[in-house]
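See structure below.
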Amino acid sequence: MATQFGGSSSRRGPDIVTEELVVVLSGSTSFEFKPLFDIVHANLRARKSVSGGEEMLRLRAYEKLQSLVSRGMVKKTITKAGKHYRGLASLASLLPITPTPEPL
């Protein structure tokens with residue numbers, strides 16, 4: 001008898017690493033990866049959302065960033081100085097929605 005796990009599929013929203021990347025890249029500044037990662041890492045530490053080692057988080061953040069580049073939400077510019085990443089207008093669709101308090 002075959003066993004079936006997870007009878008339904010669910011689409012999860014963006015994880016917290018992607019969320020932080022989107023928040024940082026939604027500004028008008030372009031970043032190289034190292035300064036971008038430093039900001040994302042500091043934001044995640046402030047949220048107490050860092051788990052695992054820093055190198056593993058760096059790899060995950062780079063993978064998420066490359067995913068955003070391949071989906072056309074982040075522009076990657078390669079110059080002699082290095083690779084710069086800049087958020088595009090389509091990135092706004094991934095911004096986390098903050099609930100507004102309802103008036104009494």
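Looking only at residues in segment 52-74 that are small (Gly, Ala, Ser) and part of a loop (DSSP other than H, G, I, E, B), which one is nearest to Val22 (Cα to Cα)?
Checking each candidate, the answer is Gly72.
Could we say that Thr77 is in a strand (DSSP E or B) and in contact (Cβ under 8 Å) with a residue 24 or more places away in the chain here?
It is true that Thr77 is in a strand (DSSP E or B) and in contact (Cβ under 8 Å) with a residue 24 or more places away in the chain.
Yes or no, residue by residue, for (1) touching a residue at least 12 places away in the same chain (Cβ under 8 Å); (2) under 19 Å from Gly87 (Cα atoms); (3) open to solvent by 50 Å² or more (accessible area, probe 1.4 Å):
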residue	(1), (2), (3)
Gly27	yes, yes, no
Lys34	no, yes, yes
Asp38	no, yes, yes
Ser51	no, no, yes
Glu55	no, no, yes
Tyr62	yes, yes, yes
Ser70	no, yes, yes
Met73	yes, yes, no
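Identify, please: which residue in segment 35-51 is closer than 15 Å to Asp15 by Cα and either in a loop (DSSP other than H, G, I, E, B) or of a type in the set (A, V, I, L, M) (or both) and is, among those, modelled with the lowest pLDDT?
Ser51
Please verify whether Ile16 is modelled with pLDDT under 90 and surrounded by 11 or more Cβ atoms within 10 Å (Cβ to Cβ), treating the condition exactly as stated.
Criteria met by Ile16.
The values are calculated or read from the model by the stated rules, or taken from the named source; none is laboratory data. Remember, predicted model here, so these are calculated numbers, not experimental data. Ideal geometry is used to build each Cβ from the backbone, glycine not excepted, and the neighbour counts take in all protein chains shown. To get the accessible areas, we keep the full protein, side chains included, count just its heavy atoms, and leave off ligands, DNA and RNA. Shrake-Rupley method; radii C 1.70, N 1.55, O 1.52, S 1.80 Å.
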